[in-house]
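Structure first, commentary second.
The values are calculated or read from the model by the stated rules, or taken from the named source; none is laboratory data. Remember, it's a predicted structure, so these values are computed and weren't measured experimentally. Here Cβ is always computed from backbone atoms with ideal geometry, including for glycine, and neighbour counts include all displayed protein chains. Accessible surface areas use protein heavy atoms only, side chains included; no ligands, DNA or RNA. Shrake-Rupley method; radii C 1.70, N 1.55, O 1.52, S 1.80 Å.
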Amino acid sequence: MNDTFLKACRGEQTDYTPIWMMRQAGRYLPEYQKVRSNVTFLELCKKPELCVEVTLQPIDLLGLDAAILFSDILILMEAMGAPLEFHDGKGPIFAETIKCQADLDKLIVPNPDETIGFVMETIRLLRNELKVPLIGFAGAPFTCATYLIEGGSSKVFWETKKMMFTNPTLFHNLMAKITDATILYLDAQARAGAQALQLFDSWAGILAPVDFETFALPYVQKIFSALQKYDIPLIYFANNGATLLDLSVTSGADVIGLDWRINIRDAIKKVGKKAVQGNIDPFALLLPKDELRARIGRLLNAAKDAHGHIFNLGHGIHQFTPPDQAKIAVDAVHELSSK
Ligand code: 1CP
């Protein structure tokens, strides 16, 4: 068992810097496209054998140090009772958005083992196969709430901010319900065998620090506090979160994910005795080999005083990234960091 990733999360010495990539299983891999050509995305998410197959694809192809469960943050929202569709090229659609307390009352806090047991089944199957640690995940409540309020992806988040500022009670009630569901869900993932848990807060960066502190952070803290009993690394990734870093450090996570917009050396000073995960620009994978390796070398050097560094991209790998370039990055991290 390669436990380099888990050691780095705990701030222990490692022989080299471990690497995994957000969204490492997915559309940039022809092997994923092949599986996906026979099923819709939601069908794929609900078939454990196929989820196992696509989770393993990048591990074997690229030689990564951790696997992330193949699923989606919105699977839990569907289990809460929000009808979900994925349209190719358009992303997720929730036809019934949350506009008032009556809409929210229709959502339930599901028992994950009963409603989305396929996720836990995927975890159990993966643990039999994997020789690297398995990361489970969920969306952070704020990010999940934006999809339920907007009805899908958004650029301006008008409806979300309108609810925050004109009906804060409703907004907090929604956040509390998603939080309760997320705690049960991540608890079930941990019991099924997830060896680390990450909260993806993809849209936290649209918030002013004061609003992040009021409307989003308390719910992240509640989730991490409920999961402390498992003694597995907890990772918080707030995308576009450089201006929220002082607050994110108080989230209760053991590992702070960093996007590429922040200098990792500056971030490490703020993070103190916690591990950091990140943070090369996903588009830097397009650099010519020598330049990519040099850039990775500089990043490793800049992170050398971290209390644990897990190399990652600053956000998900882009769907048009050549897999060979991702492999160059993995090899470079391993070679240039080995002691
Ligand atoms: O067409 C396809 O095959 C679907 C593309 C796809 C994939 C491969 C989607 C649709 N989701 C996923 C898998 C996925 N999603 C994983 C597991 C794969 C891995 O990491 O290896 C994970 C962790 C997620 C998490 C996720 N889903 C996030 C948070 C991370 C991030 O990238 O910010 C978000 C915001 C989603 C929502 C989502 N799922 C899919 C789409 C197109 C979207 C919308 C994104 C947006 O609003 O911009």
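Data overview
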{"read-out": "Computed label-point distance, nm, for sites residue 165 and residue 301 using a 7 Å Cα→Cβ extension", "value": "4.6"}
{"read-out": "Whole-number percent relative contact order across the chain, with pairs defined as alpha carbons under 8 Å at least 6 apart", "value": "22"}
{"read-out": "Span-rule helices in the chain, defined as complete DSSP H runs reaching 30 Å or more along the axis (Cα) with Kyte mean at least -1.0", "value": "168-192"}
{"read-out": "Residue-normalised accessible area of the stretch 4-337, given per residue in Å² at a 1.4 Å probe", "value": "41"}
{"read-out": "Kirkwood hydrodynamic radius over Cα pairs of the chain, then Stokes diffusion coefficient at 25 °C and 0.890 mPa s, in µm²/s", "value": "122"}
{"read-out": "Apportionment of accessible area to carbon and sulfur, the chain, percent (1.4 Å)", "value": "51"}
{"read-out": "Cα-based reach from residue 274 at 27 Å (exclusive), listing lysines while leaving out same-chain residues under 8 positions away", "value": "7, 131, 222, 229, 304, 339"}
{"read-out": "Summed residue charge, Cβ within 14 Å of residue 258's Cβ, Lys/Arg positive, Asp/Glu negative", "value": "0"}
{"read-out": "Max mean-square fluctuation residue, GNM over the chain, Cα-Cα springs under 10 Å, options 133, 322, 288", "value": "288"}
{"read-out": "Neighbour net charge for residue 85 - beta-carbon separation under 13 angstrom, K R +1, D E -1", "value": "-4"}
{"read-out": "Net lengthening on full extension, residue 131/residue 33 (0.36 nm per residue, minus Cα-Cα)", "value": "32.8 nm"}
{"read-out": "Charge dipole magnitude, Cβ of K and R +1, D and E -1 - the chain, Cα centre, debye nearest 20", "value": "660"}
{"read-out": "Candidate lysines - alpha carbon under 19 Å from residue 99, same-chain residues fewer than 8 apart omitted", "value": "155, 161, 162, 177"}
{"read-out": "Separation of alpha-carbon centers, the stretch 287-339 and the stretch 145-210, rounded to whole Å", "value": "30"}
{"read-out": "Cut-off 12 Å between beta-carbons: net charge of the residues surrounding residue 8, Lys and Arg +1, Asp and Glu -1", "value": "-2"}
{"read-out": "Projected label distance in nm at residue 335 and residue 250, using a 7 Å step from Cα toward the beta-carbon", "value": "4.5"}
{"read-out": "Estimated 222 nm signal from helices in the chain, with DSSP H stretches of n ≥ 4 weighted -39500 (n - 2.57), rounded to 500", "value": "-13500 deg cm²/dmol"}
{"read-out": "Solvent-accessible surface ranking, highest first, for 203, 158 at 1.4 angstrom", "value": "158, 203"}
{"read-out": "Share antiparallel - DSSP beta bridges, the chain, percent rounded to 5", "value": "15"}
{"read-out": "Simple spin-label estimate for residue 263 and residue 118 in nanometres, 7 Å along Cα-Cβ", "value": "4.7"}
{"read-out": "Amide N proximity, the stretch 95-123 versus residue 191 label position 7 Å along Cα-to-Cβ, cut-off under 13 Å", "value": "111-117, 120-121"}
